[in-house]
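As structure tokens, the structure follows; a few thoughts come after it.
The values are calculated or read from the model by the stated rules, or taken from the named source; none is laboratory data. Everything numeric in this text was worked out from a predicted model, so none of it was measured. Quick reminder, even Gly has a Cβ in these numbers, built from the backbone with ideal geometry, and neighbours come from all protein chains shown.
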Amino acid sequence: MALPYTGGCACGAVRYATKHAPVFQNHCQCRDCQRRSGTGHGSWLTFPARAEMAITGEAAQWPVAGDSGNTKVHAFCPTCGTPVYLSFAALPDLIAVPAGSLDEPARFVPQVLTYGVRGLAWDAIEPSLQSFARMPPG
């Protein structure tokens, strides 16, 4: 069995752990990720079995309408402000965590770039990475 994926916020008040491997790993250059990260993109690992993701501590949440019109719910630590996970109203079995929130961020291996259409010239992503103008079809 592979080691669990664990992580959390900067102050340690919100933690997560899952025994599952990610089903999708991506860099995302959408405007929401740019604003959230304070840079040109966000980096995410998406896991199956949201119900089996152990989350400790109380995260604050706010819903955001994505480009698709579907709601995604951002969760962050109310103490330190660190983003800790993202859930999707249209895909309730999935949960995504920011790569930088992992205890071992080197485990993040991006598979694709999403929302490349919104990429900024100064945010160069590895050119060999498959790129999609928006989110690839499911």
Just the residues that are in a strand (DSSP E or B) and over 12 Å from Val14 (Cβ atoms), please, taken from region 37-67. Gly42, Ser43, Trp44, Leu45, Thr46, Phe47, Trp62, Pro63, Val64, Ala65
Test for Ala10: is it more than 15 Å from the chain's Cα centre (by Cα) and modelled with pLDDT under 90: no
Mind listing whichever residues of region 72-90 are under 20 Å from Val23 (Cα atoms) and either exposed (fewer than 15 other Cβ atoms within 10 Å of the Cβ) or of a type in the set (Val, Ile, Thr) (or both)? Val73, Val84, Ala89, Ala90
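Tell me yes or no: at least one residue of region 83-91 is of a type outside the set (Gly, Ala, Ser), on the phi < 0 side of the Ramachandran plot and touching a Pro at 6+ places or on another chain (Cβ under 6 Å). Break it down into steps so the answer makes sense when it comes.
Of the residues in region 83-91, the ones of a type outside the set (Gly, Ala, Ser) are 83-86, 88, 91.
Retained after the next criterion (residues that are on the phi < 0 side of the Ramachandran plot): 83-86, 88, 91.
If we keep only those that are touching a Pro at 6+ places or on another chain (Cβ under 6 Å) too, we end up with 83.
Among the residues of region 83-91, at least one is of a type outside the set (Gly, Ala, Ser), on the phi < 0 side of the Ramachandran plot and touching a Pro at 6+ places or on another chain (Cβ under 6 Å), which makes the answer yes.
Would you call Ala54 touching a Phe, Trp or Tyr at 6+ places or on another chain (Cβ under 8 Å), surrounded by fewer than 18 Cβ atoms within 10 Å (Cβ to Cβ), in contact (Cβ under 8 Å) with a residue 24 or more places away in the chain and farther than 17 Å from Tyr115 by Cα?
Details: touching a Phe, Trp or Tyr at 6+ places or on another chain (Cβ under 8 Å): yes; surrounded by fewer than 18 Cβ atoms within 10 Å (Cβ to Cβ): yes; in contact (Cβ under 8 Å) with a residue 24 or more places away in the chain: yes; farther than 17 Å from Tyr115 by Cα: yes.
It is true that Ala54 is touching a Phe, Trp or Tyr at 6+ places or on another chain (Cβ under 8 Å), surrounded by fewer than 18 Cβ atoms within 10 Å (Cβ to Cβ), in contact (Cβ under 8 Å) with a residue 24 or more places away in the chain and farther than 17 Å from Tyr115 by Cα.
Suppose we keep only residues that are crowded, with 16+ Cβ neighbours inside 10 Å and out of contact with any helix residue (DSSP H, G or I) (no Cβ under 9 Å at 6 or more places or on another chain) within region 38-51. Which one would you say is modelled with the lowest pLDDT? Break it down stepwise before answering.
The initial filter retains those residues of region 38-51 that are crowded, with 16+ Cβ neighbours inside 10 Å, namely 40-48, 50.
Cutting the leftovers down to out of contact with any helix residue (DSSP H, G or I) (no Cβ under 9 Å at 6 or more places or on another chain) gives us 46-48, 50.
Numbers: Thr46: 97, Phe47: 97, Pro48: 95, Arg50: 92.
So, considering only residues that are crowded, with 16+ Cβ neighbours inside 10 Å and out of contact with any helix residue (DSSP H, G or I) (no Cβ under 9 Å at 6 or more places or on another chain), the one modelled with the lowest pLDDT is Arg50.
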Of all residues in region 26-37 being touching a residue at least 60 places away in the same chain (Cβ under 8 Å) and buried (at least 18 other Cβ atoms within 10 Å of the Cβ), which is farthest from Leu91 (Cα to Cα)? Gln34
Within region 72-86, is there a residue that is more than 26 Å from Gly12 (Cβ to Cβ) and assigned to a strand (DSSP E or B)? no
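Of all residues in region 31-86, count the ones that are polar (S, T, N, Q), more than 18 Å from Pro105 (Cα to Cα) and in contact with a strand residue (DSSP E or B) (Cβ under 6 Å, 6 or more places away or on another chain).
We begin by selecting, within region 31-86, every residue polar (S, T, N, Q); these are 34, 37, 39, 43, 46, 56, 61, 68, 70-71, 79, 82.
Still in the running and more than 18 Å from Pro105 (Cα to Cα): 34, 56, 61, 68, 70-71, 79.
The next check asks that each one be in contact with a strand residue (DSSP E or B) (Cβ under 6 Å, 6 or more places away or on another chain); those that pass are 56, 61, 71.
Total satisfying the criteria: 3.
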